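The values are calculated or read from the model by the stated rules, or taken from the named source; none is laboratory data. Given the structure is predicted, the values throughout are model-derived calculations rather than measurements. Here the Cβ positions follow ideal geometry from the backbone for every residue, glycine too, while neighbour counts run over all protein chains shown. The accessibility values were calculated without ligands, DNA or RNA, using every heavy atom of the protein model including side chains. Shrake-Rupley method; radii C 1.70, N 1.55, O 1.52, S 1.80 Å.
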There are 4 protein chains.
Amino acid sequence: MTVPVDLNCDMGESFGRYTLGQDEEVLPYVTSANIACGYHAGDPMVMDKSVRQASQNGVGIGAHPSYPDLQGFGRRPMNLGEEELKNFLIYQIGALHAFARVHGCRLQHVKIHGALSLMAATDAGIADVAAQSIAAVDPEIIFLAQAGSEMNRAGQDKGLKIAREFFADRNYDREGNLLSRKHPEALVKDREKTVERTVRALHESVVITPEGERVKLEGVDTVCIHGDSPEAASFAYDLRNGLEREGVNVKPLGEFVV
Amino acid sequence: MTVPVDLNCDMGESFGRYTLGQDEEVLPYVTSANIACGYHAGDPMVMDKSVRQASQNGVGIGAHPSYPDLQGFGRRPMNLGEEELKNFLIYQIGALHAFARVHGCRLQHVKIHGALSLMAATDAGIADVAAQSIAAVDPEIIFLAQAGSEMNRAGQDKGLKIAREFFADRNYDREGNLLSRKHPEALVKDREKTVERTVRALHESVVITPEGERVKLEGVDTVCIHGDSPEAASFAYDLRNGLEREGVNVKPLGEFVV
Amino acid sequence: MTVPVDLNCDMGESFGRYTLGQDEEVLPYVTSANIACGYHAGDPMVMDKSVRQASQNGVGIGAHPSYPDLQGFGRRPMNLGEEELKNFLIYQIGALHAFARVHGCRLQHVKIHGALSLMAATDAGIADVAAQSIAAVDPEIIFLAQAGSEMNRAGQDKGLKIAREFFADRNYDREGNLLSRKHPEALVKDREKTVERTVRALHESVVITPEGERVKLEGVDTVCIHGDSPEAASFAYDLRNGLEREGVNVKPLGEFVV
Amino acid sequence: MTVPVDLNCDMGESFGRYTLGQDEEVLPYVTSANIACGYHAGDPMVMDKSVRQASQNGVGIGAHPSYPDLQGFGRRPMNLGEEELKNFLIYQIGALHAFARVHGCRLQHVKIHGALSLMAATDAGIADVAAQSIAAVDPEIIFLAQAGSEMNRAGQDKGLKIAREFFADRNYDREGNLLSRKHPEALVKDREKTVERTVRALHESVVITPEGERVKLEGVDTVCIHGDSPEAASFAYDLRNGLEREGVNVKPLGEFVV
């Protein structure tokens, strides 16, 4: 039996007169779209267009909620109370949910954006709030987060379906965390290696550090395509082709995560 | 058989540090709440609280979407394209929809706010966009608008359930339109008369002008309580008691509009 | 020779449809107004009105800049880079400066608002950025901050005129810091005592702790009137009368701070 | 004696993570920059950078205020009261003024943006409010607007220095108005012709319509470079070189408008 995997990418980060990302170039190769909800990027016009285009490409629709910070693109840490954070997430997920309904699809998943995602990856309290917000809106929504993060843990605790994210083009340390972007070995640039690493992660639940150590992963459901890289589309294309050549079944989370 | 009627009131128009309205005083006497969605007023904290309180009081939950204009409280006419308007409405309705789900209730109705409502009352194109936006999110949502308005017409055209609104404390002209607030006879201040007028509207589908003419209404499903009046709660109390004394069955739209 | 002191109060914190504070009641008794600049509160209409009213009452005009956070009223700590913070401050000070020009007055002072003020009181780097921003716009502007704070230090370092703020209705600890609001002795409620404490601070540069210790202050130029207290006007009235009775010369900072 | 002219271009229309325009490419060839003030585009970081770069290139600093409409880029007509509009303009001009001070330059001019500019070009009341707002902040500021517009008239009425704008790459009708962009002859694409037309406008105060009629202009002080065209820099370069070749003295408004 072939192993399935999803390719997810941030989308819909344009705003008004401002264009960002290469959504149309990337859409043919990915299987899930994390769509901005107007807090760090996106606006109702962009959300409508993004959901429509994703849906037309058979790509799973996800909400990509954030801190309320358009000028800072959601990249500035904020100190919010738990109730506040929860309600900000419900608001955004609800807004995107409506666009999904309008286009006849369901909201497949939620992936948290930016500074809030970094906080929720390691802070159990914030991760719990995130999981709780998703479950409150619709317990069928998949919670997409880095494998091994507090978000994955919190999602399981709340009974959510979870999607464990792997970074094919990033190196990990021996604790299974991503190397800082400042580390000289942070990036895996060789496209063949990114395919090889993903296949290994899928089949053996293992990633190899720059020092050659084998580190155990919990499992992998989706690979992150960095939408803000100028090479997003070409990376998605190469990775998808490489994975399919290796017999991996690339398809949306909603078709296999249970 | 007793005739039913709903009493609706705008709510959740506080924002952050700013408090507006007398939601808690009014809630015991009304049956439907039009809750701001963050565009002219309200924020996710206020929306959450408003939905919870309305639900605890057995009051029907409605979205009260607006032009995007917090500083102008949605009272400034804006020139938006149809697509833009549609997506702004979907966004807001979706956000409130999520809070309804979170509190275990459904979104009973939508009532448009402020300058957009004034435009949509007489502009068929805008009214059509409003009705279309509601239908796109969920065709079961009731569209609440002034009896005889283009919104009521548009809602019917799109197959929506509609709720025809009556203003018990406002005088009408012989065309069935509200007298301008500047007209000396604009307001009906006598509480007994507001009861009497509502009963007549319910039983005979008639309103009497200041000159004594009987004007035909299409029908009445809900009476507007002006939440921003300091007398909102006392008016709601008197009107409800008066109506119940006259045998009218005061209850949420969702229980009788089909 | 009589000793001078200023009474300062936050003002102009209304926004659009939302009203906050008792500006008109307080204005006759204070001598300096800290006017919100649109980031945590206030809008151009409110700024215009506040500057006009302050000016008509002979009250010194001050900018009251904040983090950009209307929904959180500037009370949520934010993590901003130094350049960002500096430019946010310049923007707000400049905007208020223009309203001062329009009304024929100069910008007398700047007082930082909310969470940013709390940070800048103890964080030397943030205090330096604040002082630098003020100096960059106009080195004649007085920097108003709590006596002994990092802001006072930074203002002196940058060659700014500084105004040292005293809290007549708050108790201090032996280090000269305000007791936390949660402390049972935090507030000094007796109006006569607030006069007495201010006079002592002005004449002897001393404040007495709840335990009876005499703590040295650097000096006092202005006393804070908490505009968001329902008793703001009556407190300002009593304090001003009491101070004048004791021979203190209550007048705007701009008339005596050098 | 050589005739002087200014080349003006919109700048600083980036926002947060979003980049717009080719400011750095255009700056070497223009002499005045119309810098966004945060209402339709721009933020304090962008304003600071734009003022610094313009100043370093010897380019005159102008404020480019707008309706408050970031999502619509100031291109949607709004219905604002006169007081509201005036205060919105003062706020924006003041904010940019501060950045000019910080960088040791003065605010040379104001050019209104987008939908508000279109309204003010023909609506005497709006034009008066615009001129009044500028005069109130600083009567030395030059008011830059299309030659023959209501803004030019209003500026003169208020005693402002005015800069009359010519569109070298646009055709005019026999009333001296720009042909609609939808008109087949709207654009003058030939670079040599744009030079020739500008020289004629400068020396003879005349523009020739597509039908060959000579139409009288009042005079020309500045030529508009459309910053949002991908050819902005190359157009500015060609026009400037062409004008200088013809003996025109290309320099900032502030050096010759009186």
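What the Cα atoms of the range B:1-46 give is an Rg and a Dmax of 12.8, 47 Å. With the label put 7 angstrom out from Cα along the Cα-to-Cβ vector, C:Pro28 ends up 3.9, 6.6, 7.6 nm from the copy partners, going from closest to farthest.
Taking a ≥ b ≥ c as the square roots of the eigenvalues of the alpha carbon gyration tensor, the range C:155-202 is oblate, as a/c is not under 1.5 and a/b does not beat b/c. Placing A:Asp169, C:Asp157 in order of accessible area, with the largest value first and a 1.4 Å probe, yields C:Asp157, A:Asp169.
Here the translational diffusion coefficient of the range C:91-211 follows from Stokes-Einstein with Rh set to the Kirkwood radius across Cα pairs; for 10 °C and 1.306 mPa s it amounts to 101 µm²/s.
Projected onto its three principal axes, the C-alpha set of the protein assembly as shown covers 80, 74, 73 Å, listed from the longest axis down. For the peptide A:125-137, the mean number of other protein chain Cβ atoms found within 10 angstrom of a residue's Cβ is 1. Couplings 3J(HN,Hα) for the range C:231-236, derived from phi with the Karplus relation 6.51 cos²θ - 1.76 cosθ + 1.60 (θ = phi - 60°), are 9, 3, 5, 5, 5, 4 Hz, where x marks Gly and Pro. The angle separating the long axis of helix D:82-102 from the principal Cα axis of greatest extent in chain D is about 90 degrees. Give me D for the range D:1-77 in µm² s⁻¹, whole number, from Stokes-Einstein with Rh from the Kirkwood sum over alpha-carbon pairs, 37 °C and 0.692 mPa s. Reported coefficient: 258 µm²/s.
Dimensions of the range D:101-159 from C-alpha coordinates, computed as largest minus smallest value along each principal axis and given longest first, are 35, 23, 17 Å.
Note the per residue figure in Å³ for the convex hull of the C-alpha positions in the range A:1-134.
Working: hull volume 15.3 nm³, N = 134.
Taking the convex hull of the Cα positions in the range A:1-134, it is 114 Å³ per residue.
Once both labels are positioned 7 Å from their Cα atoms along Cα-to-Cβ, the gap between D:His226 and C:Asp190 label points is 7.6 nm. For the residues of D:82-94, the average number of beta carbons from a partner chain within 10 Å of their own beta carbon is 6. Sorted shortest first, the separations between the D:Ala124 label point and its copies elsewhere in the assembly read 3.8, 6.4, 7.4 nm; each point sits 7 Å from Cα along the Cα-to-Cβ line. If you model the range C:125-176 as an ellipsoid using its alpha carbon gyration tensor, with each semi-axis the square root of five times an eigenvalue, the axes come out at 23, 11, 8 Å, biggest first. Only Cα pairs under 8 Å and 6+ residues apart enter the sum, and on that basis the relative contact order of chain C stands at 23 percent. Annotation: amide H of C:Val206 within the under-5 Å range of C:Ala201, C:Leu217, sequence separation 5 or more or interchain, hydrogens built in the peptide plane.
Mind checking the dipole of the protein assembly as shown: about its Cα centre, +1 per Lys or Arg Cβ, -1 per Asp or Glu Cβ, Debye to the nearest 20? Here the protein assembly as shown has a charge dipole of around 0 debye. Remark: chain B is approximated by an ellipsoid whose semi-axes, taken from the C-alpha gyration tensor as √(5λ), come to 26, 21, 18 Å, largest first. Our Cα-only numbers for the range B:153-258 put the radius of gyration and Dmax at 14.0, 39 Å.
For the rotational copies D and A, the chain D residue with its Cβ nearest the relating axis, together with that separation in Å, is D:Tyr18, 2. Taken residue by residue and averaged, Cβ atoms of other chains lying within 10 Å of the Cβ of C:44-54 number 3. Label separation (B:Asp238 vs A:Ser180): 7.0 nm, computed from points 7 Å beyond Cα along the C-beta direction.
Within the range A:53-117, the proportion of C-alpha pairs whose separation exceeds 18 Å stands at 41%. For B:Ile142, nonlocal amide neighbours, meaning residues 5 or more places apart or on other chains whose placed amide H falls under 5 Å from its own, are B:His109, B:Val110. A crude spin-label estimate for the pair D:Glu204 and B:Glu218, with each label 7 Å from Cα along the Cβ direction, gives 6.4 nm. With respect to chain C, whose longest principal axis is taken over its alpha-carbon atoms, helix C:191-204 is tilted by about 90°.
Return a whole-number percent for the relative contact order of the range A:178-258, with Cα pairs under 8 Å and 6 or more residues apart as the contact set. Once divided by the residue count of the range A:178-258, the mean separation gives 24 percent.
Each other copy holds its own label point for B:Glu140; taking that point as 7 Å from Cα along Cα to Cβ, the gaps run 1.3, 6.8, 6.8 nm, nearest first. Measuring only protein heavy atoms, the 1.4 Å probe finds A:Glu211 accessible over about 140 Å².
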